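Below is one structure, written out as structure tokens; comments come after it.
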Amino acid sequence: ERYGEQSFRSVVGNRCEGSLPLPKLMWVKAHEPEIFARTAHVLFDAKDYIISRLTGDYIGDVTACSTSGAMNIHTRQWDPTLLEAAGVGMRIFPELHVPQDQVGSVDRDISAVTSFAPGTAVYTGIGDAGATTLASGVSHAGQYNINIGTSGWIAGISQEPLIDVPGVANLACSTPGGFINGVPFLNAGNIHRWAARTFAAGGGKPDVQDGACGQDTPHGEDRYRRMSELLAGSVPGSHGVLCLPYFAGERFPVMDTAIRGSFVGLGLESTLSDMVRASLEGVAFSLRQGMERFDGDIDEITLIGGGAREELWCQILADVLGHDIEVFDNAEFMPAVALAYLVQWPKRRGRTGASADDETMDFNGLMTELRRLRGSRIVTTHAADAGIYERAYADFRKLYPALSSIR
């Protein structure tokens, strides 16, 4: 209240919500003061803890820490005025770095425990949203990346944070080029997994270890193969069956932890294929709602994550979004490769002490190199299905308002 909502958003780049670490720290200080008094350091990512164990230093990356609620997204530094207003001292916060900075090396004692050679370089690293955005090559407005893991994420780039757009999170880029704008979803690949387990198990033993879109387990392979077979027998629009895919609650387009999923339009003629396809179409419609949060024309959409393995889902996404999609084949390891290239790029280019313009030129070169390394395929839209999906999407948008009162 002392700081002001608008001031908070203009500095942090995001709305003040209970999910942010800073409000959580304020709660701990107010309700568990003895624990807060014993707190020596706060870290915001699992990798930061690993860095602290390897080097003895407490480090955070500016991309992940953008959602801490305490960092000035413009200066990429902790904001002292905000921390003073929150009553939380700066002493417990980690030192901020860009992901490609070397922040230490493995000392001899840790080497004996971890088997890393003494002196091995340790870099800041980057969180999942920043890593996949970098790996996808999103570098300017009009480019968007969809990440379908267990949950989902749409990322774009802007020159200024989109602080007045509901549902959009803003992150500082790891490289020149503005800010990452992300729309996060709680439901994406988990819906594919649920549909495969529920409709395509074929009597097989449940395997709770299956990943979002299939793992290399016998039961999982059978299940996801059967899932693909059911999809092959489906039609666009699922014969009028609609799915609201909020099975785990949702955070976009509304923050509602209590809402649950539902199917609408089931009839005596409805089939498993209809329900399987409607599940995936529901996620695609939800992603379309997220895309509508961004202004401007769409130049390019890329897809990364486990959801890219389901061929027909890629087609559904292209048709629902009304735009061709580039699907990456090497999605599992490309974020790590992208970060490694980001670290090594200045050395590869032989540039030190480069100006901002030089850094931008190098970044464009980096993106070109990454595109060469990535295997990909283009999924084109089916114009004949556009009308079906326009009508279905209009009906989908009515589902949450109509069903939100049912708990």
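Is there a residue being within 25 Å of the chain's Cα centre (by Cα), assigned to a loop (DSSP other than H, G, I, E, B) and more than 29 Å from PHE116 (Cβ to Cβ) anywhere in segment 59-69? The answer is yes, given that some residue of segment 59-69 is within 25 Å of the chain's Cα centre (by Cα), assigned to a loop (DSSP other than H, G, I, E, B) and more than 29 Å from PHE116 (Cβ to Cβ). Among the residues of segment 234-258, those that are under 14 Å from GLU269 (Cα atoms) and either in a strand (DSSP E or B) or not hydroxyl-bearing (Ser, Thr, Tyr) (or both) comprise VAL235, HIS239, GLY240, VAL241. Scanning segment 211-226 for any residue that is part of a loop (DSSP other than H, G, I, E, B) and either outside the structural domain of ILE154 (by TED's automatic domain parsing) or modelled with pLDDT of 95 or more (or both) turns up nothing.
Is it the case that some residue within segment 228-235 is among the acidic types (Asp, Glu) and surrounded by 15 or more Cβ atoms within 10 Å (Cβ to Cβ)?
No, there is no match, as no residue in segment 228-235 is among the acidic types (Asp, Glu) and surrounded by 15 or more Cβ atoms within 10 Å (Cβ to Cβ).
A Cβ distance below 6 Å, combined with a sequence gap of six or more or placement on separate chains, defines the contacts here; from segment 366-383, residues that are of a type in the set (A, V, I, L, M) reach residues that are surrounded by 12 or more Cβ atoms within 10 Å (Cβ to Cβ) and at pLDDT 90 or above in the pairs ILE378/ASP324; ILE378/GLU326; VAL379/CYS314; VAL379/GLN315; VAL379/ALA318; VAL379/ILE325; VAL379/VAL327.
Out of the residues in segment 109-129 that are touching a Gly at 6+ places or on another chain (Cβ under 9 Å) and not hydroxyl-bearing (Ser, Thr, Tyr), state the one that is farthest from THR302 (Cα to Cα). Within segment 109-129, the match that is farthest from THR302 (Cα to Cα) is ILE110.
Give segment 268-304 a look and list any residue that's of a type in the set (A, V, I, L, M) and not in a helix (DSSP H, G or I), or say none. Those that are of a type in the set (A, V, I, L, M) and not in a helix (DSSP H, G or I): LEU268, ILE298, ILE301, LEU303, ILE304. Where helices (runs of 4 or more DSSP H) fall entirely within segment 305-405, those with at least 2 residues that are touching a Leu at 6+ places or on another chain (Cβ under 9 Å) and modelled with pLDDT under 95 are at 334-349, 356-373.
The values are calculated or read from the model by the stated rules, or taken from the named source; none is laboratory data. Here the structure is a predicted model, which means the values were calculated and not measured. No Cβ is skipped: glycine too gets one built from the backbone with ideal geometry, and neighbour counts run over all protein chains shown.
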